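The values are calculated or read from the model by the stated rules, or taken from the named source; none is laboratory data. Remember, it's a predicted structure, so these values are computed and weren't measured experimentally. Quick reminder, even Gly has a Cβ in these numbers, built from the backbone with ideal geometry, and neighbours come from all protein chains shown. Keep in mind that these areas ignore ligands, DNA and RNA; they rest on the heavy atoms of the full protein, side chains included. Shrake-Rupley method; radii C 1.70, N 1.55, O 1.52, S 1.80 Å.
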Amino acid sequence: MDPAEAWDDGLIARRVTEAAAAALAAERETDNRGQGSNPPPPLAYDGPLRSRLDALRELVGLSRARLDTVTLAEAGRVLEEAAARRKLSGRHTVIAIAGATGSGKSQLFNALAGVAISETGVRRPTTAAPIACSWSDGAAGLIDRLGIPGRLRRRPAHNPDNEAELRGLVLVDLPDHDSAALQHREQVDRILKLVDAVIWVVDPEKYADAVLHERYLRPMAGHAEIMFVVLNQVDRLPGEAADQVLDDLRRLLDEDGIAVGEHGDPGANVLALSALTGEGVGELREALGQFVAERGAAARRVAADVDAAASDLRPVYAAERRAGLSEEAREEFAGRLADAVGATAAGDAAERAWLRNAGRACGTPWLRLWRWYQGRGDATTGRHAVRPQAEEEITARQRVEQAVRTVADRASAGLPGPWAQAVREAAVRGSQGLSEALDELAARAGLPPGRPPRPGWWPVAVLVQAAMTLLQIVGGLWLAGQIAGVVGPNLGVPVLLMVCGIIGGPLVEWSCRMAARGPARRYGQEAERRLREAAAGCGRARVLDPVAAELLRYREVRGQYSRVVRTGSGVGVS
C-alpha cells in the first residue's frame, strides 16, 4: 500500500517521514509472515490469578441452571477476554489514551510518539477512529484484537532512547468519550474493556465533568492500579493554580473511590503536564517506561476485571446468614406431616384395639356375648381405619401444604434471590403427590393386619376365666338338681360355687385389663412411631432431599465465589 493512501482518511495528519513509512511496511511484512520465526511469548498468569479464573469459570458453569444469562454475561466476558489476552504477547502492554473533546489527548499521543500521528486542531471531533502506535514488533495480534485496521497502525519517530525506554508499549489514541457521534462513544466503550491500562487526559475546564466521573472513572474505581490520570494544559494556569486544580482532581478521584498511588502506594498515577510545551511529558514517559517494563499491567487488568465481576455477582451469591436447615426445622416438618396423617390418632386407635382384644379374650362369656350382640354388624378384626373422612382429608392436605411452605421458607431464609427461589421450587415440586403418598402410608403403616399380638399370660387368664364360668355353671346345675329333687338339698356348696364364679369372672377381667394397659400403650406407641417414621421418610425423600440438594449446590457455588473474591494476581512470561 502506498504510504500516502495509508493516511488518507481525512481525520489523521498526513505528515509522516519516509523512515516511519518504511518501518510500517516492514512491520506489516513481518505480521504477514506470522510474526517472524520467533514470535513473542504469550502472557502467563501467576498461580493465584489462574486459581481465581478457574474458580470463576466453575462458578459460571454451576450457576447457569439457576441464574439468567444477563446476570452471568459480564463474568463470561471477563473469562473470554482473559483467555484471549493470555494467548497474545506477554511482552507488550496496550495502553489507551482517553479523554474528552478538547482535552489534548491527541496532542499528548503525538508528543509521546515523537511524531504527528493523530490529528489535532479546532475541528471536533478530531479523532474519529482509534489509532495504534507500537514501539516494538510482535504486537499485531494485540492490535487485531482491538479491531484497529492496518491503515491506522503507526510506529513512533525513530529515537533509540525513546524506543528503549518504551519498548513493549502499544499506545492507542481513542475517539472523544463525549463525542456527539454515537459510534465514537461505542468505540471508546469497546476498546476500554480490552486494553491493559488507560491514560485519562483531562483539562482545567472539564476535569470535573460529571460524564467522565459517573460513566467511566467511578465504575472503574477498582482498576486504579492500571490507570493514569493526566491533567493537561497546565501551561494555561497561572501561578499556583495548577497545584490547586491538581489537588481538587485528587479529591474528586477519592470521591470516585479511586486510590491515588502516592509515596509508593498502589493506585492511579496522577500527573500534571502540558503536551503543547512538553512540560511534564518526560515524567509521564518515564512512568510509562517503568510501568511497561514491569509487564504486570495485563494481569492486573484481568484481576481488576475479576474483582469487578465478583462485586457485581455478590448480590446473587452472598447470603445474609448461614444457609441450611436446622435439625429443629427438620423435626418440626416431620411432626407436621405426622399430624397430617394422624399418627397420634393411629397410636391411640392401636392402643384401644389392643385393649379391646384383651377384653374379648379375658372377659366373661356373658359380657362377650352381649358385646357380640351389639356389634354383630361391625368388623371383628380389631383393626380400625385411620384414613380421615372427606372433611378431614381437606384439613390434612392443608396441613401438608403448610408444612411444605414453612420448611421451604426456613430453608430459603437469608439466601440470595435466585437460590431462595430454587429452594422453594424444589420444595413445591416435591410436595406434588405428597398428600396422596401420606394417605397410602397411613393406610398401610397405621396398624398391622389381623388382631394385635397376645402376651404369654393370656392363655392362663382365659383358662381362669373359663374356670370361673364353669363354677357358675356347676353351681347353677347343682341348684337346679336340688330344685328338681335329683340331688340332695345342700345350698351352701352350689351357692358358694356360683358366688365364686360370679365374683371371680369380673375380677379376672379387671385384672387382665389392668395388666393389658402397659402392653397396649407400648403397642400404640409402636404404631405411632412406625407411622411417624414412614411420614418423615416420605417427606424427606420428596421434599427435604431436593431442598438439601439445592442448598448443597448453593454452598458449592458459594465456595467457588469465595475463591473468586480472594486477592492476588500476577503475570509472567513463559
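The table below gives the values:
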read-out	value
Rounded if a/c under 1.5, otherwise prolate or oblate - the range 184-336, Cα gyration tensor axes	prolate
Under Karplus coefficients 6.51, -1.76 and 1.60, residue-wise ³J(HN,Hα) of the range 310-323 in Hz, glycine/proline x	5, 5, 5, 8, 3, x, 9, 10, 7, 8, 6, 8, 5, 8
Distant-in-sequence amide H partners of A268 (H built 1.01 Å from N, under 5 Å)	A259, V260, G261
Spatially proximal lysines relative to K87 (Cα-Cα < 23 Å; intrachain offsets below 8 disregarded)	K193
Nearest-0.05 FRET efficiency for S311 and D248, computed from C-beta distance (R0 25 Å)	0.35
The range 152-297 - percent of accessible surface contributed by carbon and sulfur, probe 1.4 Å	46
Residues of type aspartates and glutamates that K206 reaches as a straight line, Cα spacing below 18 Å, ignoring anything fewer than 8 places off in the same chain	D176, D178, E214, D235, D243, D247, D248, D254, E255, D256
Separation between Cα centres of the range 415-440 and the range 456-500, rounded to whole Å	68
The range 260-310 - percent relative contact order, Cα under 8 Å, separation 6 or more	15
Candidates per GluC sites (Glu not before Pro) in the range 196-249, loop by DSSP, up to 14 other Cβ within 10 Å	E205, E240
For the range 275-282, 3J(HN,Hα) per residue [Karplus equation, 6.51 cos²θ - 1.76 cosθ + 1.60, θ = phi - 60°, Hz, x = Gly/Pro]	5, 6, 8, x, 5, x, 5, x
Cα gyration tensor, the range 82-184 - rounded (a/c under 1.5), prolate or oblate	oblate
Estimated vicinal HN-Hα couplings, Hz - the range 46-52 in sequence order (Karplus 6.51, -1.76, 1.60; Gly, Pro = x)	6, x, x, 5, 4, 4, 5
Ranked by how many other beta carbons lie within 10 Å on average, peptides 57-64, 340-347 from highest	340-347, 57-64
